[in-house]
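I have placed the structure first, in the form of structure tokens, so that the comments after it can refer back to it.
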Amino acid sequence: MKTRFLHGLRPIITTGLALVFGTALHAQKLVIKGSDTLGAKLVPVLAEDYRALHPDVSFEIAAEGSSTGLAALIGGTADIGMSSRRARANEQANGVAKGVTLRPLVVCYDGIALIVNEANPLDSLTKRQVEQIFTGDVRDWAALGGGAASAGPISVYTRNTASGTYADFKDLAMKKRDYAPTSQKLAGNEQIVSEVAHNRNGIGYVGLAYIGAPGIKVVAIEGTRPSKESVLAKAYPYARPNFLYTNGEPEGEAARFIDYVLSEAGQQRVEEIGFVPVR
Amino acid sequence: MPHRLPSENSPDFSIRQRHRRIFGLTREDAIRAFFGGHAVVAVVVLALITLFLFREGIGFFAQQRESFTRYRQSGQELVDLLREQDRAHAALGRELGELRLRMGAAGAAEFADYEERFADAALPLRELAGELGDIALEAKESATAATRLETVAQLVAQYPQIEKTFVELAAEVNTLAAEWGKLTEASPAANLGAGAAPKNGPPARAREMVYAQKRLRAYVAALPVALEEIRSWSATRPVSQWQVVKSFFFGPQWLTASFWQDFYGVVPLFTGSLLVSAIALCLAVPLGLGAAVYVSQIATARERRLIKPVIEFIAAIPSVVLGLFGIVVLGQLLRSLSQVPWLAWVPGFPYAERLNALTAGCLLALIAVPTIFTLAEDALGNVPRAFKEGSCALGASPMQTTWRVIVPSSLSGLCSAVLLGLGRVIGETMVVLLCAGNRIAIPDFTAGLGAAVQPVHTMTGIIAQEMGEVVPGTIHYRALFMVGLLLFLIALALNYTAQRLLARYRLPTL
């Protein structure tokens, strides 16, 4: 009885083992961690496209902020680090101390668009006003002269400290001053869009790929609206390159994936999603 | 229990127990050792966790001291003194601006001009701080203390310029203060309070103007004190250990990833945690204790069979699901509720942000209720039957028995239940991370009870939010461990108090 039972079980066991070992032998896994700007929409779509061409590659994508990507690359837990900002000097130093060389590769350009609630009558802001709002110098809409309808305390929504966009914005728009203590730190672009869309007094910043959502309105900075053309023409002031970081020169599967991202097909995808391609 | 048999020669015993000994232990001994071993493992793991937390966290103080020494030696502290003055100036300007807004459109023309002049008075100071700030940043980058101090000498050479700027600022603000007095008397808007509701009529307006005048004068009087502090600043004064410890436990700012200087002060996070826990307990204690008293003393058996499992089921809902519910449903609902016109008398209503301490507090109350309910019901059930029987025998009604006899005698158990509920709530992470608003600032308690609708950040939330970006061994990493250590100690203290309360006032079983 016992042997007959095992006899019936054998094909199941062998198939199971074959699947496990088979996938382990042939599957390639790419671990990509980092920026929410890149990792929420762009990189997953590119990963899917890449998988359609190379079915044996699996991806693990974690988008918790540029700083997490660089930290993971230094710690050895990621193959590619997505970052929407350049690595800082102390991160480079940390990498060198652990034997990791952070090598950046520009994959697309992005504009940081300022959004307000669509009920807000404000249409344009000067760079000085943007600095004042986000550093907390000015805390009320009425002080910006938007008209009585927009009176009320300004609710500033920013990304959190793990985000590359957070640091880039400080550099580009706030002259490296610190954010207002009354600002609220949210985890990703979509959350900022959601909060600003539901709060009449809200203002925040998101990447170009997220400006199409309902309920929000993009603000022009000194007359220039953020778009692919204005970013490429360097007319929009808050434009920055987005990077994929690797440890030294990319090798193997990581190199093939990065080549795909920089290829014609990859860059077309980049444009479809709303970023600005490198060409 | 004894396994040693009397001598085999004794004819009295015809039953013999055979003992198999494995590794020198009988089966009973082996079972005892197995379970005892589990207990030892639990204690050892707890000790290891405590040790690990301490080891990773304590290194923070040494690193922070080094960071502060650098901060002082590069002159950044001096520049921050100047910037503090600038910020105080801007805050006063905002206060005056708010006064103008409250006066409505009638006050706009005269005061707008005044406000602009007030803001412009601080521009020389801000520019000077900017220049000196660049020098200080350069000094910070230099490798050794010697090169840093050399660069700082450049800053110190600027002292006459700083003094001159302060003197000019004082003169300008003095002029503006005098003008404010004239504006108060002359302006029709100030006297009539145009557009204001009857209860905010002319006398209130005049009072506000006098108050503003006083603030301006006080500000001018404080300028020489600030200047004296700047004069007595020294780049070579050593940073004391106490200052470092104070900067963590009493520091009013948690600022990371700054281009200028990172500050790791736990007060904003601690007050955020306390505020959210207080709101949660205000809601959970009446609900939990009330439900416990009802289910334990008043409910019929059928009601008890229905209510008890349902309340205990709430504990089964994952906290991240509650957090999602909070963002998507509860936050929006509470905000719409706050904007209902006939609720405008509630302090803090109406408010604009969906994610705030109130939303998080409501959800945390939901989490705390099952804990408080279960423990309180247990405590009420542990009161000896003799108390209830004796009370009824003496002629008390059931209600009197419940409130005058049963509840007071189980008070220690009820307190213990509340403390454990508090411990549960203070340690909750996902709900506060998703729903509390993530504003790292001490809540503005001048709004009174309205502080409950402000966004806050908590100790648990900051660890969850920032742990992904820290490189092990850095000061930020160790600061997060210190916050974790603080949380651990608070939870430990709460649990210990709860247990001691229960043990000390436990009733003898009759």
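Data overview
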{"quantity": "Cα Rg, Dmax, the stretch B:268-461, angstrom units", "calculated": "19.0, 59"}
{"quantity": "Rounded to 5, percent antiparallel among DSSP beta bridges of the protein assembly as shown", "calculated": "60 percent"}
{"quantity": "A:T101 versus A:A89: modelled label distance in nm, points set 7 Å from Cα along the beta carbon direction", "calculated": "2.1 nm"}
{"quantity": "Fraction of accessible area attributable to carbon and sulfur, the stretch A:112-189 (%, probe 1.4 Å)", "calculated": "51 percent"}
{"quantity": "Estimated [θ] at 222 nm from DSSP helical runs (n ≥ 4, -39500 (n - 2.57)) normalised by residues in the protein assembly as shown, nearest 500", "calculated": "-19000 deg cm²/dmol"}
{"quantity": "Fully extended contour minus Cα-Cα distance, from B:I15 to B:A109, at 0.36 nm per residue", "calculated": "22.8 nm"}
{"quantity": "For the stretch B:70-249, diffusion coefficient by Stokes-Einstein and Kirkwood Rh (Cα), 25 °C, 0.890 mPa s, µm²/s", "calculated": "133 µm²/s"}
{"quantity": "Directionally averaged projected area (convex hull, Cα atoms, the stretch B:227-273), nm²", "calculated": "4.7 nm²"}
{"quantity": "Built amide H within the under 5 Å cut-off of A:G136, gap 5+", "calculated": "A:A180"}
{"quantity": "Between A and B, accessible area buried - total, square angstrom, nearest 100, 1.4 angstrom probe", "calculated": "2700 Å²"}
{"quantity": "Dimensionless Rg ratio for the stretch B:440-510, taking C-alpha atoms and the 2.2 N^0.38 Å reference", "calculated": "1.67"}
{"quantity": "Share, in percent, of DSSP beta bridges within chain A that are antiparallel, nearest 5", "calculated": "60 percent"}
{"quantity": "Normalised per residue, the volume of the convex hull around the Cα set of chain B (Å³)", "calculated": "262 Å³"}
{"quantity": "Once exposed loop trypsin sites (Lys or Arg not before Pro) are cut out (DSSP; at most 15 other Cβ, 10 Å), longest piece of chain B", "calculated": "B:22-505"}
{"quantity": "Considering only the stretch A:113-237, percent of DSSP beta bridges that pair antiparallel, nearest 5", "calculated": "55 percent"}
{"quantity": "With 5 Å bins from 0: P(r) over the stretch B:263-353, alpha-carbon pairs, percent", "calculated": "3, 10, 11, 16, 18, 15, 14, 9, 3, 1, 0, 0"}
{"quantity": "Carbon plus sulfur fraction of accessible area for chain B, probe 1.4 Å, in percent", "calculated": "65 percent"}
{"quantity": "Stokes-Einstein diffusion coefficient of the stretch A:60-187, Kirkwood radius over Cα pairs, 10 °C, 1.306 mPa s, in µm²/s", "calculated": "96 µm²/s"}
{"quantity": "Other-chain or far-sequence residues with amide H under 5 Å of B:W254's (modelled H)", "calculated": "B:G265"}
{"quantity": "Distant alpha-carbon pairs in chain A (separation over 36 angstrom), percent", "calculated": "26 percent"}
{"quantity": "List of the stretch B:340-383 residues, accessible area with partners at least 30 Å² below that of the chain alone (1.4 Å probe)", "calculated": "B:A352, B:E353, B:R354, B:L355"}
{"quantity": "Calculated from backbone phi, Karplus (6.51, -1.76, 1.60) coupling profile of the stretch B:432-449 in Hz, x at Gly/Pro", "calculated": "6, 5, 7, 10, 8, x, 6, 9, 8, 7, 5, x, 7, 7, 5, 7, x, 5"}
{"quantity": "All-pairs alpha carbon distance profile, the stretch A:113-237, 5 Å steps from 0, percent", "calculated": "2, 12, 22, 27, 23, 11, 2, 0"}
{"quantity": "The stretch A:45-104: projected area of the alpha-carbon convex hull, averaged over directions, in nm²", "calculated": "4.6 nm²"}
{"quantity": "Subset of A:K33/A:K98; B:K164/B:K214; A:K29/A:K185 violating a 29 Å alpha-carbon distance limit", "calculated": "A:K29/A:K185"}
{"quantity": "Distance histogram in 5 Å bins (all Cα pairs of the stretch B:380-510, percent per bin)", "calculated": "2, 9, 13, 13, 12, 11, 10, 9, 8, 6, 4, 2, 1, 0"}
{"quantity": "Kirkwood Rh, angstrom, the stretch B:49-110 [1 / mean 1/r, Cα pairs]", "calculated": "15.8 Å"}
{"quantity": "Chymotrypsin sites (Phe, Trp or Tyr not before Pro) within the stretch B:284-389, DSSP loop, no more than 14 other Cβ atoms inside 10 Å", "calculated": "B:W345"}
{"quantity": "For the protein assembly as shown, convex hull volume per residue from C-alpha positions, Å³", "calculated": "282 Å³"}
{"quantity": "Shielding by other protein chains, A:177-183, mean Cβ within 10 Å", "calculated": "6"}
{"quantity": "Heavy-atom accessible area per residue - the protein assembly as shown, 1.4 Å, Å²", "calculated": "50 Å²"}
{"quantity": "Loop trypsin sites (Lys or Arg not before Pro), the stretch A:182-249, which have at most 13 other Cβ atoms in a 10 Å radius of their Cβ (DSSP)", "calculated": "A:K234"}
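The values are calculated or read from the model by the stated rules, or taken from the named source; none is laboratory data. All values derive from a computational prediction rather than experimental measurement. Backbone-built Cβ (ideal geometry, glycine too); neighbour counts: all protein chains shown. To get the accessible areas, we keep the full protein, side chains included, count just its heavy atoms, and leave off ligands, DNA and RNA. Shrake-Rupley method; radii C 1.70, N 1.55, O 1.52, S 1.80 Å.
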